[in-house]
1. Within 10 Å of each candidate Cβ there may be at most 16 other Cβ atoms; applying that plus a DSSP loop requirement, which GluC sites (Glu not before Pro) in the range 84-145 survive?
2. Kindly flag which residue pairs out of LYS18/LYS65; LYS10/LYS35; LYS270/LYS338 have an alpha-carbon separation exceeding 30 Å in this structure.
3. Please compare each pair in LYS227/LYS276; LYS183/LYS320; LYS195/LYS266; LYS36/LYS87; LYS227/LYS303; LYS266/LYS295 to a cut-off of 31 Å on the Cα-Cα distance and tell me which ones are over it.
4. Whole-Hz ³J(HN,Hα) for each residue in the range 103-112, computed from phi via Karplus 6.51 cos²θ - 1.76 cosθ + 1.60 with θ = phi - 60°, x for glycine and proline: what do you get?
5. When averaged across all projection directions, what area in nm² does the alpha-carbon convex hull of the chain cover?
6. Quick one: among SER59, SER210, SER305, which has the greatest mean-square fluctuation in a GNM of the chain with alpha-carbon springs under 10 angstrom?
7. Do you know the relative contact order of the chain, to the nearest whole percent, from alpha carbon pairs under 8 angstrom that are 6+ apart?
8. Could you state the angle between the C-alpha long axis of helix 173-182 and the longest principal axis of the C-alpha atoms of the chain, as a value from 0 to 90 degrees rounded to the nearest 10?
Amino acid sequence: MKEEIEKIKKVAIESIEKATNAKELEEVRVRYLGKKGELTAVLRGMGNLNAEERPIIGSLVNVVKEELEEKINQKEKEYELAELNRKLKEETIDITLPSTKITRGSKHPLNRIIEEVEDLFVSMGYDVVSGPELETDEYCFERLNLPKGHPARDMQDSFYITSEYLLRTQTSAVQARTMMANKEKTPIRVICPGKTYRRDDDATHSHQFSQVEGLVIDKNISLADLKGTLEVFVRKMLGENLELRFRPSYFPFTEPSYEVDVTCFKCGGKGCNLCKQTGWIEVLGSGIVHPNVLKMNGYDPEKYSGFAFGTGLDRLAMFKYGITDIRLLYQNDVRFLKQFDRCDR
Ligand code: DAH
């Protein structure tokens, strides 16, 4: 019996040593120490032994069991350690490797201009208002003193949806909306930046563009108020040292009307290709609100007066950033847009 146990032990130890992985080791454990294992079988067979032999064999089996268990555990630890080392080696992070770049977007140049204009006028007590882009003929033209058939409509050919609905050609439509909503209740001081549409398409005109409209209505508003306001506006946006020139012009909704020019910021007024050798660049349309417009939209021209102005935001952006083709503002070409990234820093 003793020899048998010793033989089992010897073979078991050999098997443990031979085992090359955790699975094989587990098989060895089951084979020798498991419920149906060889050593357990020896214990079971002890019934046949006499009383003196039983405790001796019993304790021998237990000693061998413990010895084998210890060996298996030890081997197991070796596997675990080897596995850990393998993982550590395999999963090392190379901190010198360049990381994947997270690209960050930047503000669109037009939005930049809009925010700047809004901040300026809000600081002067204006509200920022908006109106629909799909506008009625009534608000886009009629309430602005441009009845059906008026020749000045020709300058603004639009996209008509029906004979009454069109894509607005000018943010001036919001003037009439603001007045109609207010009707002498409070003085008006608003700007309205927004999208406008015309049947135009070349390097400096796009079928969709952006304007900002300004409207002030109160008692005793004069040309001096318009002039002072536009001087602040233009100088803040384009340069503090610029000179302004008010050139008489015609708009149906203002009387008198002016186009505002600034000294060319490229040549300083000497004459260059940007200002077409004139030294001046046209930036705004403006004037004193026409009495008909006041009357049509709920204001008594005897009591109230006002000024209005409108300008193309695309033009402002183009001047400010030296952009030569308006279409770049609407094509969303990342190569173009990401050049404005640095403006945030
Ligand atoms: N709406 C005009 C345009 O699109 C610009 C303009 C001129 C607006 C004179 C005004 C203004 O408010 O008073 O060309």
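The values are calculated or read from the model by the stated rules, or taken from the named source; none is laboratory data. Quantities reported herein were computed from a predicted structural model and do not represent experimental measurements. When we count neighbours, we look across all protein chains shown, and the Cβ atoms used for this are built from the backbone with ideal geometry, even at glycine. These accessible areas exclude ligands, DNA and RNA; they are computed on the full protein's heavy atoms, side chains included. Shrake-Rupley method; radii C 1.70, N 1.55, O 1.52, S 1.80 Å.
1. Details: sites: GLU90, GLU91, GLU115, GLU116, GLU118, GLU133, GLU135, GLU138, GLU142; in loops: GLU91, GLU133.
The qualifying sites are GLU91, GLU133.
2. Working: LYS18/LYS65 18 Å; LYS10/LYS35 20 Å; LYS270/LYS338 33 Å.
From LYS18/LYS65; LYS10/LYS35; LYS270/LYS338, over 30 Å: LYS270/LYS338.
3. Values: LYS227/LYS276 25 Å; LYS183/LYS320 37 Å; LYS195/LYS266 28 Å; LYS36/LYS87 36 Å; LYS227/LYS303 21 Å; LYS266/LYS295 43 Å.
Distance filter (> 31 Å) returns LYS183/LYS320; LYS36/LYS87; LYS266/LYS295.
4. 7, 10, x, 9, 5, 5, x, 5, 5, 4
5. Details: hull surface 139.3 nm².
Value for the chain: 34.8 nm².
6. In this elastic network of the chain, the residue with the biggest mean-square fluctuation among SER59, SER210, SER305 is SER59.
7. So the answer I get is 15 percent.
8. With rounding to tens, the tilt is 90 degrees.
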